[in-house]
Each structure stands twice: as structure tokens, then as C-alpha cells.
1. Could you tell me the ratio Rg/Rh of region 349-442? Both radii from Cα atoms, Rh via Kirkwood.
2. Which order do the peptides 474-484, 498-508, 261-271 take when ranked by the mean count of other beta-carbon atoms within 10 Å per residue, highest first?
3. At q = 0.13, 0.24, 0.26 Å⁻¹, what base-10 log of I(q)/I(0) does the Debye formula yield for region 117-176 when every alpha carbon is treated as an equal point scatterer in vacuo?
4. So, by mean Cβ neighbours within 10 angstrom, what's the order for 403-416, 450-463 with the highest one leading?
5. Can you list the HN-Hα couplings for region 559-565, worked out from phi with the Karplus curve (6.51, -1.76, 1.60; θ = phi - 60°), rounded to whole Hz and with x for Gly and Pro?
6. Long-range amide H contacts for residue 580: which residues qualify at under 5 Å (H placed 1.01 Å from N, peptide plane, sequence gap of 5 or more or a different chain)?
7. Can you give me the angle between helix 32-44 and the longest principal axis of the chain, using Cα atoms only, in degrees from 0 to 90, rounded to the nearest 10?
8. To the nearest 500 deg cm²/dmol, what mean residue ellipticity at 222 nm is calculated for the chain from DSSP H runs of n ≥ 4 alone, each contributing -39,500 (n - 2.57), summed and divided by the residues?
Amino acid sequence: MTRHLVLAASCAVLLAAPAHGQAPATPAPQTFEQKMAWILRLEDQRILRDANPPLPPPAPAPAKGGKKHAAPVVPPVTPDLVRLLSDPEGRVRRRAALAVGRVGLAEGVAPLARVLAGDVDAEVRQMAAFALGLVGQASGIDPLRAALNDASPLVQGRAAEALGLLGDAASAKAIAAMATARLTESRAVGLDPDDLTDPQPPATEAFRLGIYALTRLKAFDALAAVVIDAAGEPRLRWWPVAYALARVDDARAAPALLTLARAGGSLTKALAAKGLGSLKDTVSVGTLVLLAQNWQEDQRSAISAIRALAQIGSLDAAPALRRLLQSRTTAPNVRLEAVAALGALHDREVIDTLLDLLGDPWPSMRAAALRAVRDIDGETFVTVLSGLDPDPHPSVRAALASMLSTFTPEIGGPRLTAMLADKDPRVLPAVIEAMVAAPARPADLGATLIGLLNAGDVMVRAAAATGLGTLKPAGADRALAESYRAWQTDGLYQARAAALASLAKYGAEVATPVLREALADRDWAVRLRAAALLRGLTPAIDVASRIRPAPGRADDAYAAPGLVSPPVSPHVYLDTDKGTIEIELAVLDAPLTCENFVKLAQRGFFTGQAIHRVVPNFVVQAGDDRGDGEGSPGYTIRDEINMRPYLRGTVGMALDGADTGGSQWFVTHAPQPHLDAKYTVFGRVVAGMDVVDRLQQWDVIRRVRTWDGTSVVSR
């Protein structure tokens, strides 16, 4: 093997050597735009370099008479992300480092570690640390630990973040030491509790990233050493501290969280309330009731408090929650939360109010009221069902199917079987899931699901395939394999992915041949699922190279000026039932995602769509052309994970797993640091957050306008 390599290298040198008397030919320097086009293409194809370097042009014919030498042949340059890590321009090195992280191959760890240890530009080192977190390999831990002592606080912070993403609990003490040192020199202690400035000064950023990392690692002792004083009180009341203590999942955080719930800002109180609910802290019930009652002044904290009271389960909260529900002046989303909480508390005194709400014009309220009646009194629920006509909205019928899965076969079985005849295919996946999850199943359910593999709706087929993986009836393995192959023309990937996942449950012998086929599926998301399933069946198998390059656009399409050097940040205006929302797109951080979003908007994809998901204090989500949470444009796009944090008003791409984005997007009501480095940020709301706050599930986007710096397109 070595001899062959030496011989091949010698031939390459001879072929590339200039003719006698010629000056050696050197490649022409690439422009910044050319390098950016390479970076965009390689990361989108999820490869570090072109597998097949471009061939050199043919040598020119000798000059006549032999008196003049032919011009030297200029060798082509192979696009290579690792080579670009040593580019003379810092902005190219920084962007190449991010691309290596997005590609996600273990081969990228060593070059990123060299950049992290030796690049002269702190912004490049910072990106290298972030990228090591994206690659997710344990071999990146030691370089990241060393970077906790980098001269730049920003590099220290990103190293801590990456160690948190890697789950390296052994680094908790070192991360805490870094965060404590940065807190001492930062201005974080004096910040307003609700300060959302981004970015903060470097030391403050490093402190923030450090405590987030400790939260991801569930390292309470290390976190407490940074943010809790000797008396058990929080050292500062800035909202990231409340977030960290709320998500570290340790009962010892409760006293500090209670302090923050009583005396923090709106964000701090809401996050603290959420943490107290997760811990089921009964001591905090009185404080949480006061927050809930104060909804008119602070709706964010009230909603978190209502949810927390539901988790804690104390009936002492029921009277206050009933008053919220029964008042017609209470905001709709607050009333909806009160319904869910009273159901969780099993408050029998609210039954009559809930029965009245079964006729509410808002589908979300009808579904919530029905669920609460089920939770409080199963007999009343069954009685109500006997006289209740099918709800006109498919989401309520789907919710009912999910509720029926908890009942005995005598009660739930016949109703679920009847619901299989629902004419709206968006209802059937919930019916199938409920029948599979029910305590007793019809004897012919396996045969029914095999038959549904031929359904016209892709999500019905996906639900049937998933159900077969749970039931594992004889012969379903063959049906799943045949279905995977028959579904190659589906625009949505979910049915093929579901078939593969269920087939894997039949074992390696049955699943491996189909999974190997799926490594070449036309949808990258399916290739990723197949690769993960194969690794689960055969851990030693190497599938990374077999699924690459990811399918993408034509090579020259990545060189579009709007992608490699956008002159402006486009704006998108969404006219909704509650008002207009203006979004500024992050074209430098997520160029392909932004381009996709604008194209969909300009073809009218979002116009007329309902806001299918609203979770107060979390997100508003849209972009679903089906209206059941499963819609897409018929293709998937790659994630463009970046360092932008999820704050209030951040716009992100919704996912069903890695690289499954398409058309569904969301806006955050409040900071969501657990989404950082997990979901693509591609914009922010610059006007209309009050509209976002007022949106309810099933409000409609009436018109969409896009502005590219020169013209407005309205659809």
C-alpha cells in the first residue's frame, strides 16, 4: 500500500511539474466570495472537502517553431474546509471553523483543536470552541478544557458551552471556577433582572455561558458555588441565574428560586416559578398564587405560576384559579392555562364551568375543557361523550382520540374504532397512536395497520408504520420493507423514516438490507435516520462516508451574491389576525435558511395559514400547511446552527430531529437557552412583539410582505 501511494505521488509531481524553461504555475488567488461559496456548499453537503478534486485543464499545445514556451498550466484548487482554517483572513477562518462544526465529522476535531490552541484571532478561537461542541466528539474535551484558561473571556465561555454540549461532567469544577472569576470582574451583579442586551460585555457573556453549561451538566454543587451565597440566597437576580437554577433539577435550589420568584424581574419570576413547579415545592404555593392573580400586570409570571401550581398539585390553589377561569376579562391564554391546571388539580367544583366551555368558539378551549373533565371525573367525561356530536375542528377530534387511550377497552375501544372512519386524515394518526397505546387492543389491529400502509396520506402511513414497530405482528417486516421502497416519491420524509425505525425493531438480519439502501435515500434526513439505526444494530459499522455528500443544489447556486455577500438584511412583515409582526433575517448566520424562508414567503406558502402552535412563555409556531404540526414544503433543509442565543423575539427553525427543517418556524416569547446550539436561529422580531404575545392558536396569517433592500413583494 505504501509503495503504491509513493508511486502515485511521484506521478502527480511529474504531471504537475512545469516544462523545461517554464515558471512554476500557481493557482490564482480566490476571492472572499469564492471561498464563501465553497464553505456554503461543503457544509450543506456535510463534507469537509471535495471527494473528487477538479481535474487540471489540458496542457496547451506547444508553440509553433518551438521558439516560445507554452503558458504554464494553472492547477485547480480543491475546495477544502480544513485548508481554509489557515486562510490569511480571519473572517474566512472563523466561517470555515463554523462549517467544520456543522459538517459534524470526527475528522474535524484535530484541526479545530489546533485553531483553538493557536489562532491569533480570539473570534476565530471562539468559533473553533463552539464548533467542537457541534461536532460532539469526546476527543474535543481536552482542548476545550485547556481553552477555559484562554486569554479571551469569550473563548472561555464558548469552551464551557461546548463542554456542556458534550456532557463532560468532569469539567464542572473548572467551568465553575471560570464562571466565578468572570462574575467577579463583570457587571452582571448590577444588571436589571430583565436585561436582554445581546451581546453583553465579554466577562458577562463568559459568566452566562458558564452557568448554562453547568445547568446542562446538572452540576448543582458547581452551579451553587457560583450563584448562591453562604446564606443560600442568589448572588444576583439577573434572569440567567433563575434559568440555571430552574433547570438544574435539584431540590436544593428551591430556597433561592423562591427568593427570585418573590423579588426578581418579570423574566426572573417566571423562570423561578417554572423551577419551583418542576421541583413540586409546596412551600411556594402562596407565592405562586399571588403571581397567578397578578396576571394583568405580569402575564408571563402568571402563566408560569399557574403551570407550577398544576405540577405541585395543591388544591389550595384551586379557588384562585377558578376565579381566573370564570372571569371573562381574563386573557384567553391565561384562561386556557387555568383550565389545564384545574384539571391537573382534579378540582370537582369547576366541572360545570368546564361543561359550558365545551361549546366555546375557540377549538383550543374546547379541547382543553374536554381534557380537564376527563382528568377530574372519568364517569362525567363518558356521559358527556355519549351526547356530544363530533367536533367540527380536526384538532379537537384528534385530542379526543388521545384521551380515549387511557380508558378501558369497553369504553375507549369502540369509539376509537369508529374514529378510524374520520374523513380528515389529520385526525387518524392520533387515533392510530391511541389504539396502539390502549391497555387492550383489537385482535386485528396489526392487520388494520398493515392495510393503512397503503393510505393516501403520508402521516397516516407514518403512524401506521410506527404502530407496527410497537406491535411487531408477523409479516409486518416484509410490509414495512416494501412500503419504504414504494414511498420513494413522497415529498414528506416521515413515512419512510417511520418504516425504517419500525423495521429496525425486527432485528439486524431483517432490517440491515433496507437500512443500507436508505443510506442513499434522496432525503438527507432519512439517510441520517438510517445511519443512526444501523449504528444501533451494528455499532462498529462506518456509515458516515456512505451517506455523504448530502444531496443539495447545483454547485454554482451557492455563489449567489445574496448568499455569499448579502448587501442588506431582508425584512419580512407578517399581517396576522392580531396585527403585524416585522422580522429581520440573519442572513450572515443562516443564509440558506433565510433564502428558503423568503422564497416560501414570496410564493405565498405562509399566506392564509393558521398559527398551529402557541405555548405561552415559550413559542408561537407557524409554517405548517397541513395544520396538524406535520406540514412542510415537500423537502428538508440542513441546520445552520450558530452562536445567536434564543432570547425574547428570536426566530428559529422548527425541527423533528437533525436537519429536518423546511417551512415550520417559531418565535420565542421569552429566553430559551436550552435551545441554543440546537436549533437554527435565522432572525429576530424587530417590531410587533406585543402582537406575538396576543396571538392565540388558530389565528391566521393574512398577508406576508418581504423587503430585500430595494423592493417589496406582497403575497
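1. Details: Rg = 12.6 Å, Rh = 13.3 Å.
Expressed as Rg/Rh, it is 0.95.
2. 261-271, 498-508, 474-484
3. Taken in order of the listed q values, log10 I(q)/I(0) reads -0.25, -0.87, -1.02.
4. Result, highest mean first: 450-463, 403-416.
5. Those phi angles translate into 8, 4, x, x, 9, 8, 8 Hz.
6. When sequence neighbours closer than 5 places are left aside, there are no close amide H contacts.
7. With both axes taken from Cα atoms, the answer is about 50 degrees.
8. The helix contribution divided over the chain gives -15000 deg cm²/dmol.
The values are calculated or read from the model by the stated rules, or taken from the named source; none is laboratory data. If you're wondering where the values come from, they're calculated on a predicted model, not measured in any experiment. All Cβ positions, even for glycine, are placed from backbone atoms using ideal geometry, and neighbour counts span all protein chains on display. Surface accessibility is based on the protein's heavy atoms, side chains included, excluding ligands, DNA and RNA. Shrake-Rupley method; radii C 1.70, N 1.55, O 1.52, S 1.80 Å.
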